[in-house]
Amino acid sequence: MSTIERAEVLVTSPGRNYVTLRITTSDGVTGLGDATLNGRELAVASYLQDHLVPLLVGRDPARIEDTWQYLYRGAYWRRGPVTMTAIAAVDTALWDIKGKVAGLPVYQLLGGRSREGVLVYGHASGADVPALLDDVARLRDEGYHAIRAQTAVPGVAGTYGVYSGSGVYEPAKGSLPDEQPWSTEKYLDFAPTYLAAVREKFGFDLHLLHDVHHRLTPIEAARLGKELEPLRLFWMEDPTPAEDQEAFRLIRQHTTTPIAVGENLTSIWDVQHLITERLVDYVRTTVVHAGGITHLRRIFDLAALYQVRSGSHGAGDLSPVSMAAAVHVDLAIPNFGIQEHMGHAGQTYDVFRSEVTFSDGMLHPSDAPGLGVEYDDEVAARFPYDPKYLPVARRLDGSVHDW
Ligand code: GCO
Ligand code: MG
């Protein structure tokens with residue numbers, strides 16, 4: 001029987017920090033799993049190195065479900081982003097191995113293709129409305145059919161989601177957290193006007209999305225959702241802090257704007273009521289933070305029963321291993337909605353050679369066995385870990401707010 005011979009925790013920073021688990025079997029087959037948790041990378045690296053790697057060596061790599069149950073139920077201390085990201089890395093690497101052993105891409109192991117490609121949304125942003133409109137035009141010309149729009153709110157420096165300079169959006173900066181101001185009043189006054197400007201210029205033949213990034217109370221979110229109804233958004237993302245499932249009941253009573261949540265939720269228990277009470281339309285949990293392919297599939301299967309669709313997180317702080325895994329899942333599940341696609345800095349793809357391709361607004365996995373991503377140790381070694389924090393938000397009176 002083939003066994004797990006080695007599990008290595010690899011940390012590299014080709015433009016930003018990534019933690020990766022590489023499992024090698026006694027037959028010499030390797031599998032990769034993303035273990036990146038933005039701003040808390042080394043906590044997951046330690047969880048893996050100190051607590052999971054000793055449990056993996058000698059196990060049968062084919063027993064993916066049993067390993068998942070062993071690491072989850074066997075830990076006693078369950079859930080939470082660090083634990084679930086570490087379990088995700090093991091699970092994803094084992095699916096990669098299973099695909100390579102079978103000679104099949106992972107989506108074939110998940111039941112095969114349900115669609116031709118994976119609809120993605122890109123990120124448009126701007127320091128002001130004209131800059132935003134230019135950016136939307138750029139993405140549309142690149143072939144995107146779905147675009148997320150964010151603009152700097154006048155009087156609120158460092159608004160979430162606004163790219164500074166060219167390249168990939170990167171909120172994690174500095175060796176101490178950047179502190180950014182926040183004004184709900186200014187945001188609520190401004191957001192509907194700039195989203196309306198996008199509709200005015202580009203019409204309705206484009207999916208338009210917007211990320212509120214957890215900033216509102218339920219009644220404020222209800223007001224925004226109501227105001228945005230004529231703009232027919234694809235979704236309003238994370239209107240309130242995601243851990244409060246009850247809050248969505250109030251938002252739901254007031255608006256038909258579709259709601260998406262889940263990028264920072266890590267288990268089926270965190271989305272249970274959101275799904276079974278149909279409080280949201282899209283669940284945005286990801287492979288890397290919600291327990292891997294095995295657990296994400298379980299969440300999406302529950303969601304399918306309630307006509308809730310997937311909309312997985314795909315920011316730059318999820319490595320190309322995560323993105324490839326996401327595309328395999330997205331291609332196979334019946335209730336796929338959309339996939340976020342932020343892209344990565346050029347050097348990231350020098351470390352993670354990914355065969356995922358983009359065409360006509362969709363992502364496509366390769367037909368290579370497994371996930372179709374290779375890790376280059378030599379290039380990775382050129383980019384040592386670089387500690388960075390996500391920002392902290394403060395209201396204009398100085399009190400801490402949700403970032
Ligand atoms: C998104 C997200 C990201 C997160 C980031 C945190 O919708 O893509 O909100 O921008 O802020 O992934 O690490
Ligand atoms: Mg988001």
Only counting other Cβ atoms within 10 Å, I'd like Val19, Val156, Val321 sorted with the fewest neighbours first. Val156, Val19, Val321
The chain - charge dipole about Cα centre, Lys and Arg +1 at Cβ, Asp and Glu -1, debye rounded to 20: 680
In what sequence do Asp27, Asp317, Asp135 fall when counting other Cβ within 10 Å, fewest first? Asp27, Asp135, Asp317
Anisotropy class of the stretch 64-160 from Cα gyration tensor, a/c 1.5 cut: oblate
I need the peptides 275-282, 91-98, 176-183 ranked by packing, meaning the mean over residues of other C-beta atoms within 10 angstrom, with the highest value on top. 91-98, 275-282, 176-183
Using all C-alpha to C-alpha distances in the stretch 4-105, build P(r) with 10 Å bins and read off the rounded percent in each one. 16, 51, 28, 5
Principal axis extents for the stretch 229-384, Cα atoms only, whole Å, descending order, please. 54, 33, 29
Hey, what did the stretch 23-128 get for relative contact order, percent, Cα under 8 Å, at least 6 apart? 37
Percent relative contact order of the stretch 296-357, based on C-alpha pairs within less than 8 angstrom and at least six residues apart? 41
Where a ≥ b ≥ c are the square roots of the eigenvalues of the C-alpha gyration tensor, would you call the stretch 331-382 rounded, which needs a/c under 1.5, or, failing that, prolate if a/b is larger than b/c, or oblate? prolate
Just the number, please: percent antiparallel of the DSSP beta bridges in the chain, rounded to the nearest 5. 50
Volume of the Cα convex hull of the stretch 126-259, divided per residue and given in Å³: 114
Result: in the chain the number of Lys pairs with C-alpha under 29 Å apart, spaced 8 or more or on different chains, is 6
Please state the shape class of the stretch 144-208: rounded when a/c is under 1.5, otherwise prolate if a/b exceeds b/c and oblate if not, all from the C-alpha gyration tensor. oblate
Mean-position separation - Cα centroids, the stretch 91-120 and the stretch 303-362, in angstrom: 13
Cα pair distances in the stretch 61-100, grouped into 10 Å bins until the bin that holds the longest one, percent each: 32, 53, 15, 1
Neighbouring Cβ atoms within 10 Å as the yardstick, rank Glu243, Glu220 fewest first. Glu243, Glu220
Restricting to Cα atoms and excluding each atom paired with itself, what does the Kirkwood estimate give for the chain in Å? 21.4
Tell me, what is the percent relative contact order of the chain, built from C-alpha pairs under 8 Å that lie six or more residues apart? 23
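Here, each number is a calculation from the coordinates, and none is a lab measurement. Here the structure is a predicted model, which means the values were calculated and not measured. As a convention, Cβ positions derive from the backbone with ideal geometry for all residues, glycine included, and neighbour counts pool all protein chains shown.
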